[in-house]
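Presented below is the structure to which this report refers.
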Amino acid sequence: MSKERIYVFDAFHPDAIARLQSHPKFEVILPSNPIHQTHPWYHHAHGVLVRADTRLTAEEFARTKDTKLLRAVVKQGVGVDNIDLNAARTAGVAVYNHPGINSEAVAEMCLALTLSLTRMVTVLDRKTRKGERDARNEFVGISLYRKTVGIIGMGNIGKLTAKKWIGACEANILAYHPVAPADIWDGDGIVHKRAQSLEELLRESDVVTLHLPLTESTRGMIGTKELHMMKGSAVLVNTSRGGIVEEKALLQALQEKKIWGAVLDAMEIEPAHPDTHAEWLELDNVIITPHVGATTEDMHRLSGSTAAQTLLNVLDGTGEFPGRRIV
């Protein structure tokens, strides 16, 4: 009997690949395998393992109906905006993700990048390396001790981010979520105020940090109008998804110093590059990283291996599924 095929897209931790390859029932097609060109996944895969870099389109899902082999797509991490879920549903393909598994790492990155920006760590590092002796007098940061941190999105990452800000800076937490229940953080020991509107949060916060998925309702959520509501001394942080912030509006706000600064671990085009983001990279009041909030050695191993196990269990019909089925 021929083996069922698992197609792997994007870079996964070696432990995740080893877990797949150890199962005798499956042939694992890695991203570097030329079979991707001659035997496309939508005709030959029984299962697909994917991260955020590869898009699985409606057209591709429609073509899975030709062979009806594909049973499951498993996504490492939580975001699934790179997978056409409606098309997967129409094609009868199950889709799994893994909410919460990367939350600690992303919350940690949010805190680290924000403090790096407000204390001008990256700027001072660059200036010091160039031998600019007056940098410490020219570039003076701001303290976030006991300041107000506005958290948009009250899921796992938002909750852990709030805890870290309270622990590190005794921050006052102002939280906003348009549909979350009033008691969502009850029992978690998080002292916070619930903002009644996005405008309230934007006007009162010294740090505005986004922890939302990219959906039709969140796309363009922060634009010119919203940026003008923020304090001139405030910082905007996006470690979620590109597209939630209107980037042209933010670039203009940073250039004109309408807000103090921004942290972007997520942009519409990733990673940022001088060819595509030259104006951004000229600014000292922004830190840009290549969407690595969840990428620590520990989390890369854990989340990759967990996603691999979910796919194996789904295809083999054994064991519990570590992931959550969303389609």
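Measure off 7 Å from each Cα along the Cα-to-Cβ vector at T122 and E297, then give the distance between these two points in nanometres to one decimal.
With each label placed 7 Å out from Cα toward Cβ, I get 2.4 nm.
Provide, for q = 0.14, 0.16 Å⁻¹, the log10 of I(q)/I(0) from a solvent-free Debye sum over equal Cα point scatterers in the chain.
-1.10, -1.29
Pull out the extension gain between Y145 and T67, defined as 0.36 nm times the separation in residues minus the alpha carbon to alpha carbon distance; nm, one decimal. Could you put the intermediate results ahead of the total?
On the way: separation 78, 0.36 × 78 = 28.08 nm, distance 5.91 nm.
The Y145-T67 span can extend by a further 22.2 nm.
So how far apart, in nm, are the two label points at S32 and D10 if each is 7 Å from Cα heading toward Cβ?
Going from the S32 label point to the D10 one covers 2.0 nm.
So if I restrict to the alpha-carbon atoms in segment 213-327, what is the Rg, and what is Dmax, the biggest pairwise distance, in Å?
Every Cα atom of segment 213-327 included, Rg and Dmax give 18.3, 58 Å.
Can you tell me, using C-alpha contacts under 8 Å and at least 6 residues apart, the relative contact order of segment 147-280 as a whole percent?
Details: 230 pairs, mean separation 29.0, N = 134.
Dividing the mean separation by the residue count of segment 147-280 yields 22 percent.
Over the chain, what is the relative contact order in percent, taking alpha-carbon pairs closer than 8 angstrom and at least six residues apart? The partial results should precede the final answer.
On the way: 612 pairs, mean separation 63.3, N = 327.
The value is 19 percent.
Could you work out how much longer the chain between H43 and R129 gets when fully extended? Use 0.36 nm per residue separation minus the Cα distance between them, nm to one decimal. Don't jump to the answer; show the numbers that get you there.
Details: separation 86, 0.36 × 86 = 30.96 nm, distance 5.27 nm.
So the chain would gain 25.7 nm between H43 and R129.
I need the calculated FRET efficiency for the pair T276 and V191, taking r as the beta carbon distance and R₀ as 51 Å, to the nearest 0.05. Before the final figure, lay out the partial values.
Numbers: r = 42 Å, r/R0 = 0.82.
According to the calculation, E is roughly 0.75.
Bear in mind that the values in this text are calculations on the coordinates, not laboratory data. Because the structure is predicted, anything quoted here is derived from the model rather than measured. Neighbour counts are summed over all protein chains in view; Cβ atoms, including those assigned to glycine, are modelled from backbone coordinates with ideal geometry.
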